[in-house]
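Before any comments, here is the structure.
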Amino acid sequence: MISVAEALQDLFALVTPLPAQDVPLRDAAQRVLARDVTARRDQPPFAASAMDGYAIHAADHRQGASLTVIGEAAAGHGWHGTLAQGQALRIFTGAPVPAGASRVIIQENVTRDGEKITITDAQDSGSNIRPLGGDFAQGTSLPAPRHLSPNDIALLAAMNIASVPVTRKPVVAIIATGDELVQPGDSPGPDQIIASNSYGLAALVAAAGATARLLPIARDSIASLEQTFALAQGADLIITIGGASVGDHDLVGQVAQSLGMQRSFYKIAMRPGKPLMAGRLGSAAMIGLPGNPVSAMVCGHVFVLPVIRKMLGLGAHPAATQTALLAHDISANGPRAHYMRAHATAAGVTIFERQDSSLLSVLTQANCLALRPPHDPARQAGESVQIVPL
Ligand SMILES: Nc1nc2c(c(=O)[nH]1)N[C@H]1C(S)=C(S)[C@@H](COP(=O)(O)OP(=O)(O)OC[C@H]3O[C@@H](n4cnc5c(N)ncnc54)[C@H](O)[C@@H]3O)O[C@H]1N2
Ligand code: MOO
């Protein structure tokens, strides 16, 4: 059995970043920026008023000054003369500040009588003018790679980038296997259960920026598995769930190999997740996950997500970890790395008592996985532990 780190390296070797494609800005949120993009204009493109008030000459900024209002500038409607001393321009937030003006006095600090204003308060120190290019200058770049957040979309729009180069979404085919499975909403027979982790994995990979193709459940027969693998044609990554262990009905590895899968590894020193397998199948990478629901989901976080991130051009990195303090004592770990469902708060990390890999209800209560390395000795409350936030 290989280690988690070795398995991850082998998995990274199976995939390369996908090519870039241009998408309309409206579709770029949550995609990964594939190339640096640069601002096509300065923002603001002119010195702009930050307030509603009057643009004035620096020399006129004193209490009691009386000035003549000679025009008006609003957002989208500039006044294009030059302001002289003794003059004021009525101006609104977002309007271009005219030549000659060096500050905007807010309207609360003047009184107005016809075309005359008198400054009643000259205490404010700021100019209330946003300089040309004060947010960004033409040519300013947003560097790739980058997961585009809603904030980034606003910035790209302001930069006048209407078409955004993003990495193509990986297509992930997900195959649940087993005679015992029915789809959620179906009526299970007496020996049947509902397929669950296939849905969880579809949600997981979609949230990471991939397109999930949830294929029909494959039955525990060579013919059914072959048929379902055929439906995965065109996917970048094929994920199978179940049928990975040593039982007589665990046929996934055998069928994948008969279809030409070049196995990279089978079995890892990890709990849950021992019967993990991976390889290349045609033009796709394949990851065979264990069927136990929590094993499949944990392997999704620890292996599938990093692989998808690499395909998206975000680099080859393991799931991010943090250091936290144990809230209680724990006993020594065995020979496999143990990814334990746990709950972390500012007070420390509590590792749940029940860790059987069938317990999805415990996974839902967890907000992290506490990572126990192989043969980690017993630890006491207050000692540090690595966690993978979920
Ligand atoms: N003799 C041994 N038996 C087992 C070993 C072993 O080393 N020696 N390993 C155990 C471990 S660890 C795991 S994990 C499981 C994994 O087995 P499989 O990948 O072959 O999974 P299945 O047998 O098909 O299913 C296990 C369990 O999970 C349920 N399941 C499967 N798919 C789904 C699904 N899509 N949604 C919900 N539940 C699913 C299935 O009904 C079984 O209960 O093997 C151990 N055995
Ligand atoms: O390694 Mo299995 O994935 O514990 O249940």
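Values in this text are rule-based calculations from the coordinates and carry no lab data. Because the structure is a prediction, the values reported are computed rather than measured. Here the Cβ is made from the backbone with ideal geometry for all residues, glycine too, and neighbour counts use every protein chain on show.
Evaluate 2.2 N^0.38 Å with N set to the residue count of the range 140-198, then give the Cα radius of gyration divided by it.
That works out to 2.07 for the range 140-198.
Springs between alpha-carbon atoms under 10 Å, Gaussian network over the chain: tell me which of 94, 234, 81 tops the mean-square fluctuations.
In the Gaussian network model the winner is 81.
Would you kindly calculate the mean projected area, averaged across all directions, of the convex hull enclosing the Cα atoms of the range 48-130, in square nanometres?
Averaging across all directions leaves 4.4 nm² for the Cα convex hull.
Kirkwood hydrodynamic radius for the range 59-105: how many Å is it when counted over pairs of different Cα atoms?
Answer for the range 59-105: a Kirkwood hydrodynamic radius of 10.9 Å.
Could you list 77, 338 in order of exposure, starting from the residue whose Cβ has the fewest other Cβ atoms within 10 Å?
In increasing order of surrounding Cβ atoms, one gets 77, 338.
Would you please calculate the Kirkwood hydrodynamic radius of the range 130-268 over all C-alpha pairs and express it in Å, rounded to one decimal?
Computed over Cα pairs of the range 130-268, the Kirkwood hydrodynamic radius comes out at 18.3 Å.
Which distance in nm do the two modelled labels at residue 158 and residue 137 give, with both placed 7 Å along the Cα-to-Cβ direction?
Inter-label distance under the simple model: 1.7 nm.
What is the local net charge at residue 176, summed over the other residues whose Cβ is closer than 13 Å to its Cβ (Lys, Arg +1; Asp, Glu -1)?
Charge balance in the 13 Å sphere: -2.
Under 5 Å between amide H atoms, partner at least 5 residues away or on a different chain: which partners does residue 270 have, H built in plane at 1.01 Å?
337
Working only with C-alpha atoms, what are the Rg and Dmax values of the range 329-390, expressed in angstrom?
Calculated on Cα positions, Rg and Dmax stand at 11.1, 30 Å.
P(r) for the range 39-187, please, calculated from all Cα pair distances in 5 Å bins and given in %.
In order of increasing distance, the bins hold 2, 9, 15, 15, 11, 8, 7, 7, 6, 4, 3, 3, 3, 3, 3, 2, 1, 0 percent.
Could you pull the Cα extents of the range 249-354 along its three principal axes, largest to smallest, in whole Å?
51, 36, 21
Below 13 angstrom from the Cβ of residue 16, what's the summed charge of the other residues (Lys, Arg +1; Asp, Glu -1)?
Charge balance in the 13 Å sphere: +3.
Taking the DSSP beta bridges in the chain as the whole, what percent of them are antiparallel, to the nearest 5?
70
If you take all C-alpha pairs in the chain, what percent of them are over 26 Å apart?
When all Cα pairs of the chain are counted, 64 percent exceed 26 Å.
Could you tell me how far the Cα centroid of the range 5-44 sits from the Cα centroid of the range 267-317, in Å?
21
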